[in-house]
Structures are given as C-alpha cells and as structure tokens.
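This report refers to the structure that appears directly beneath it.
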Amino acid sequence: MQQQTTQNRGEDHRELEHHPGVSCNTEEFVEAIALESPPIFIPEECIDKGVSSFSSFKELVAWVSEEREGLLHAHLLYDVNLIDFSPPTITLRISKKAPQDLPQKLQNLIKKKKNEVWTIAISDEIGHPTLHEQEQKAQEERREAILQDPLVKTLMESFPDAILLEITDT
C-alpha cells in the first residue's frame, strides 16, 4: 500500500489515495489500513493543521451572523469590547447587558461548526470600542470627509437648507 507520512504537531498523518466510504472517523481509517485496503485519501478538512478559521475578530463576528446566530451576533456587535485577538485565544470585556454565558456559547458554536477549540477569556480592561461603535465612528468620519470636499462645500453654500441625509456606495 502506497502512503505518504507527514509530521504535524509531532504526530504522523497518512495521506492516501481516495477510498469511498472511509470518513474522518479514526476507527474507520485504522480499520481500512489494517485490512490492507486499497490506498485511501484523507480529506484536507480531516487533517488538523493548527490553523485558525478566523484572521480577525470582525471576521469571526461576521461568521456568527452567517451561521444565523442572531442573538449571539448582536451581543458580539453591541456588548463586547475586544481586548486581544490571538487565535485560538480571544480576550473580551463583556457589558452587563450581555448574558454571562456568552463566552461558552461562542466556544460551543466554534467547536460545533468548525471543530476548533478556542479559549475565550474575560477581562475588566477597557479594550477597543465595540464593533458597532467602530462602525459608527467610520461612518461619521466618512460623512465629514464628504462634507469637506470642495464640490460638496460649494453645493451646500449654494443651497443653505440642504442636508446630507444618507451615504450609499455605488
């Protein structure tokens, strides 16, 4: 049986050619090898590479929304200040409005859907503004930049009752 062995975190992983019916289940894999079955392929997602699925807290929160976890997503947007994001560890300050089990809910969701174990630490440090506060600040800065544009200034002077109602991307 042909096989290629690679080192990953001190463990051997065998990557073999595709064999229908053999999943990531370790028992099936061992049984397939023990029976000297035709070579099999271990799907990429079955090999733990120690790589996080998320490169930022904002990306993690967007994923929670995609998973249709509306309440958890809302708390992460409005009630959580990020202290540190160092995958697979996140340090947060949680407001009194958020449920006390929010860290466990987030850990459980990541474990269930991504099969990754994350540590969610809680701190009393102030941390960064909430994602909602950051978005509001960015919108205000964008609005101010638009109002400072010479063409917009001229229009606003020509039409003194005009107001900037909404900014949309085109």
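The values are calculated or read from the model by the stated rules, or taken from the named source; none is laboratory data. All of these numbers come straight from a predicted model, not from anything done at the bench. So basically every Cβ, Gly included, is an ideal-geometry build from the backbone, and we count neighbours across all protein chains shown.
Values computed for the structure shown
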quantity: Residues within the stretch 153-170 that are touching a Leu at 6+ places or on another chain (Cβ under 8 Å) and modelled with pLDDT of 90 or more, tallied; calculated: 2
quantity: Subset of the stretch 111-151 that is in contact with a Leu (Cβ under 8 Å, 6 or more places away or on another chain) and among the hydrophobic types (A, V, I, L, M, F, W, C) - its residue that is nearest to residue 79 (Cα to Cα); calculated: 131
quantity: Selected residue (criterion: farthest from residue 82 (Cα to Cα)) from residues of the stretch 123-155 that are in contact with a strand residue (DSSP E or B) (Cβ under 8 Å, 6 or more places away or on another chain) and acidic (Asp, Glu); calculated: 124
quantity: Residues of the stretch 60-80 classified as closer than 18 Å to residue 127 by Cα and either under 11 Å from the mean Cα position of the chain (by Cα) or touching a residue at least 40 places away in the same chain (Cβ under 8 Å) (or both), total; calculated: 7
quantity: Scan of the stretch 122-145 for residues that are hydrophobic (A, V, I, L, M, F, W, C) and surrounded by 12 or more Cβ atoms within 10 Å (Cβ to Cβ), ordered by number; calculated: 122, 131
quantity: Among the residues listed as 104, 100, the single one being surrounded by fewer than 18 Cβ atoms within 10 Å (Cβ to Cβ) and closer than 20 Å to residue 53 by Cα; calculated: 104
quantity: Test for residue 30: is it among the hydrophobic types (A, V, I, L, M, F, W, C), at pLDDT below 95 and within 16 Å of the chain's Cα centre (by Cα); calculated: no
quantity: Failed item, numbered, when residue 87 is tested on (1) within 19 Å of the chain's Cα centre (by Cα); (2) assigned by TED's automatic domain parsing to the domain that holds residue 164; (3) not hydrophobic (A, V, I, L, M, F, W, C); calculated: (2)
quantity: Hits in the stretch 64-84 (condition: modelled with pLDDT of 95 or more and buried (at least 17 other Cβ atoms within 10 Å of the Cβ)); calculated: 64, 72, 73, 75, 76, 77, 79, 80, 81, 82, 83
